[in-house]
Structures are given as structure tokens and as C-alpha cells.
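The values are calculated or read from the model by the stated rules, or taken from the named source; none is laboratory data. Keep in mind it's a predicted model, so treat the numbers as computed, not measured. All Cβ positions, even for glycine, are placed from backbone atoms using ideal geometry, and neighbour counts span all protein chains on display.
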Amino acid sequence: MHYSLLQRYTHLRQHSLNLAAPLSAEDQCVQSMPDTSPTKWHLAHTSWFFENLVLLPFLSGYKVFDPSFSYLFNSYYEALGPRYPRLQRGLLTRPALSQVLAFRQYVDASMQQLLSREDALDEQSLALIELGMNHEQQHQELLLTDALHLLSCNPQLPVYNTSFSHPPACGAELQWLSFDECLTTIGRSVDQAGFSFDNETPKHQRFVHSFQMANRLVSCGEYLSFIQDGGYDNADLWLSEGRLQAIQNSWQCPLYWLAPGDPRFPSDHWQVFGLNGVQKLDLNAPVANLSFYEASAFAQWSGARLPTEFEWEIASAHTALHDLHSQVWQWTRSAYEPYPGFVPAIGAVREYNGKFMVGQQVLRGSSLATPVLHSRHTYRNFFPPSARWQFSGLRLAKDN
């Protein structure tokens, strides 16, 4: 079925509100750590994006909803002016949630006016609208991961939504799939049909040595064996910075795991806190909420390694690989760097990806929090190596 751009936009914007609905107004105001943002801020910022990058330049006569919002809800676009400090977003008790929702309605009404003349829109405006919609999908995922971290800070471990369904575990027997060395094409061309972010371009050649890739993700049961074997205390397995992070932050298991006897939710077995509350740890489910450092240490313990992002993209075409998408983002051994010939997008959105190409690791795939139709084999997600609050896991690789 073909959906118009207006229909897609309307559905997208409503989905953000649906995701926020299980959270109270108090929930939606709080920032639980510097890397997260309040739900209210996500709802406002995505509207700020459409107002500043689409409506102001392309809708004649558009009047901003509130001039102060330009400062309050700018994330990192220096070309668009000063920004309220990221670390203090949780202090924005005002504007109230009701005012943020009114802002969304105001922006949506103007976007509907603009999109009702879809045939009259030029290539530049259409590209920015598509970017804005994919940008909102990214924030829909962040809304969930940030809300889970917030709720995990409450000793009551309140449930986000009891009906939130996690994808079933694969449970397949571990097999190693072999790939020959090759000179292969990676990424997407700038003019390729369908949406992609600028960091997925340009298409280019990479030589990759022969390798093996696990047909499935690492499971909770396998990771539990790593814990029980003293993996967190074995310095030989860890990168130096990762070892320091583990000690300083008292890492002994993945984020959101509850060890037997945890006073917040007493039990004689391992449990995990998720969007559907505290559940018994499913040993067959993919392990999640790991930092790059933990993923790397587990791979070392397993006698394997993490794949490069180029190996992952090559292997993604193999029909025997399970759970490439919709379970956990998969850490790779690749630093987040520009592809050869990379050129940032034009205008303020040149700051979208390129300025972060230092000190980050690439993750591939997608997670259970990633919106439907927001996944593709060339997608390059990226986070600092210490990040754990995302649904991030791992798939093992080996040299042939």
C-alpha cells in the first residue's frame, strides 16, 4: 500500500506520543544521567527540528511557536545559535508538558499545510523532511532507552509498559560461517534510492581478509558463564581503559541484570529489568546493555573477537545469520570514522553526523527499540565505548 508523505508524517508523530503515553508528567521531566534526555525534551526537540529546518525556510509566513524554544531545544547545531546546556535538560520543569504538546500540535498543523502541497515541494525540502522523520525515529528509540534508564534508577523498578513485547530468543545452535577474502563494495552511493544518513556514504571498495562470523548473537547464558568464570576480575581479558571503567563503576554484570539476592527485587535466580518490568533471565535471549569494553572482554574470553563493521556488512547478506536486526545493536571493532570521500550534508545538518567522528565505536544492526522500517544493512550507529544504556550486544567473529 502506498502512503503519502503526509500520512507517513502523521503516523510517525503520533507514534512518538504513543511511546510517551505510559510515562507520567513527572517521568517525562527527569534526566537520569548526562547521556540521556527527558522524554519531554525528546518530544520538543523533534518538533524544534521541523520548525527550524523545514517550516521556517519552506513555509511562507510561518511564525515560530515560542522564540525561547529555539534556545531551549536546540541539541548541538551551532549554526542555528546557542543552546541550553545538555547536562541541565532535567531542570526544565517549564515549559510544562502541556505546553510542549501544544508546540507539537502547532508544528504538526503547519507541517500538514506544507505537506498538502507535496507535489510542489522541491528536492531540498523533501530531503530535509525525510531527514527530520528519520531523526524522529532515532529519538523514538532514545525515548525508550532513556526512559528505561530513568526507571531503573527508582528502587521500586517501576514498569514502563507490561505489554511491551521483547522479540523471541533465537535459540539456534552456534555455527561459524566462513567468508573468503575479497575486495567488496561497502556503504551506499549518494544518489541511491531510499533514505540513508550521510555517514553511510559514499559507496567505496574495501579489501577484507577471510573471516568467520557466528550465525547468532551471544546469549545471556553464555555471558553468565563469563561472569561465573571471573571474567570481570580477569585483567588479561580487558582493554586498559575498559578495565578502569569496570573498576571505577563497579561493573560485575550487564546493566539492568539483578543478581540473586538483589534487595530491590529479591530472588534466588538471576533476573533482568526491562521495559516490561523485572523478568527471570532468559538464558537463550541475546545479552544486552553491554559496553564495547564488556563485549570486547567477552570475545577475548571466548577465544574470538568482535567483527569489523565491514565484515558485518559483508556477512549481513548471508541467509544463515540470525537476528541481524530487531534484537540488539552489535558492537564492532571499528572506530567511527568517515568513509573515503565522505562529504557532510549541506547546511546546518552538516553537523548531524560528521562532527562526532572521533572517540566512538560503530554498532551495526538494530535493536528491539528501533522503529520498524528504520533498519538497513548499511546503517552506522555509534556510541562511546563505555555506553551501556542502549540495547547493545555482540556477535562474534574469528580469523580464518
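Here are some notes:
- Among the conditions (1) surrounded by 13 or more Cβ atoms within 10 Å (Cβ to Cβ); (2) more than 25 Å from residue 364 (Cα to Cα); (3) free of Cβ contacts under 8 Å to residues at least 60 places away in the same chain, the only one that residue 189 does not satisfy is (2).
- With respect to (1) under 30 Å from residue 57 (Cα atoms); (2) without any contact (Cβ under 8 Å) to a residue 12 or more places away in the chain, the lone exception for residue 341 is condition (2).
- Filtering region 275-298 to residues that are surrounded by 24 or more Cβ atoms within 10 Å (Cβ to Cβ) and either more than 19 Å from the chain's Cα centre (by Cα) or of a type in the set (S, T, N, Q) (or both) leaves 289, 291, 297, 298.
- Taking the criterion of being touching a Ser or Thr at 6+ places or on another chain (Cβ under 9 Å) and either part of a loop (DSSP other than H, G, I, E, B) or under 24 Å from residue 135 (Cβ atoms) (or both), the residues of region 175-185 that qualify are 180, 181.
- Of all residues in region 97-115, at least one satisfies being surrounded by 13 or more Cβ atoms within 10 Å (Cβ to Cβ) and touching a Cys at 6+ places or on another chain (Cβ under 8 Å).
- Condition met for residue 294 (under 29 Å from residue 165 (Cβ atoms) and assigned to a helix (DSSP H, G or I)): yes
- When the residues of region 345-365 are filtered to those that are at positive phi and at pLDDT 95 or above, the one that is surrounded by the most Cβ atoms within 10 Å (Cβ to Cβ) is 365.
- Screening residue 176 on (1) more than 30 Å from residue 204 (Cβ to Cβ); (2) over 21 Å from the mean Cα position of the chain (by Cα); (3) of a type in the set (Phe, Trp, Tyr) shows it passes everything except condition (1).
- Some residue of region 209-230 being of a type in the set (A, V, I, L, M, F, W, C), surrounded by 15 or more Cβ atoms within 10 Å (Cβ to Cβ) and free of Cβ contacts under 8 Å to residues at least 40 places away in the same chain: yes
- Being assigned to a loop (DSSP other than H, G, I, E, B), out of contact with any helix residue (DSSP H, G or I) (no Cβ under 8 Å at 6 or more places or on another chain) and surrounded by 14 or more Cβ atoms within 10 Å (Cβ to Cβ) is a property that residue 196 has.
- Whichever residue in region 47-78 is in a helix (DSSP H, G or I) and touching a Lys or Arg at 6+ places or on another chain (Cβ under 8 Å) and, among such residues, is surrounded by the most Cβ atoms within 10 Å (Cβ to Cβ): 47
Residue-by-condition table, conditions (1) at pLDDT below 95; (2) closer than 30 Å to residue 351 by Cβ; (3) touching a strand residue (DSSP E or B) at 6+ places or on another chain (Cβ under 6 Å):
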position: 186; (1), (2), (3): no, yes, yes
position: 190; (1), (2), (3): yes, yes, no
position: 193; (1), (2), (3): yes, yes, no
position: 199; (1), (2), (3): no, yes, no
position: 202; (1), (2), (3): no, yes, no
position: 211; (1), (2), (3): no, no, yes
position: 217; (1), (2), (3): no, no, yes
position: 221; (1), (2), (3): no, no, no
position: 225; (1), (2), (3): no, no, no
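- Boolean, residue 32 is within 23 Å of residue 154 (Cα to Cα) and in a loop (DSSP other than H, G, I, E, B): yes
- Of all the listed residues (312, 329, 301), the sole one being touching a Phe, Trp or Tyr at 6+ places or on another chain (Cβ under 9 Å), surrounded by 20 or more Cβ atoms within 10 Å (Cβ to Cβ), among the aromatic types (Phe, Trp, Tyr) and touching a residue at least 40 places away in the same chain (Cβ under 8 Å) is 329.
- Candidate set from region 79-102 (those that are assigned to a loop (DSSP other than H, G, I, E, B) and among the basic types (Lys, Arg)); member that is nearest to residue 20 (Cα to Cα): 94
- Some residue of region 377-384 being within 21 Å of residue 204 (Cα to Cα), at pLDDT 95 or above, β-branched (Val, Ile, Thr) and assigned to a loop (DSSP other than H, G, I, E, B): yes
- Note on region 128-166: residues that are outside any loop (DSSP other than H, G, I, E, B) and not charged (D, E, K, R) amount to 21.
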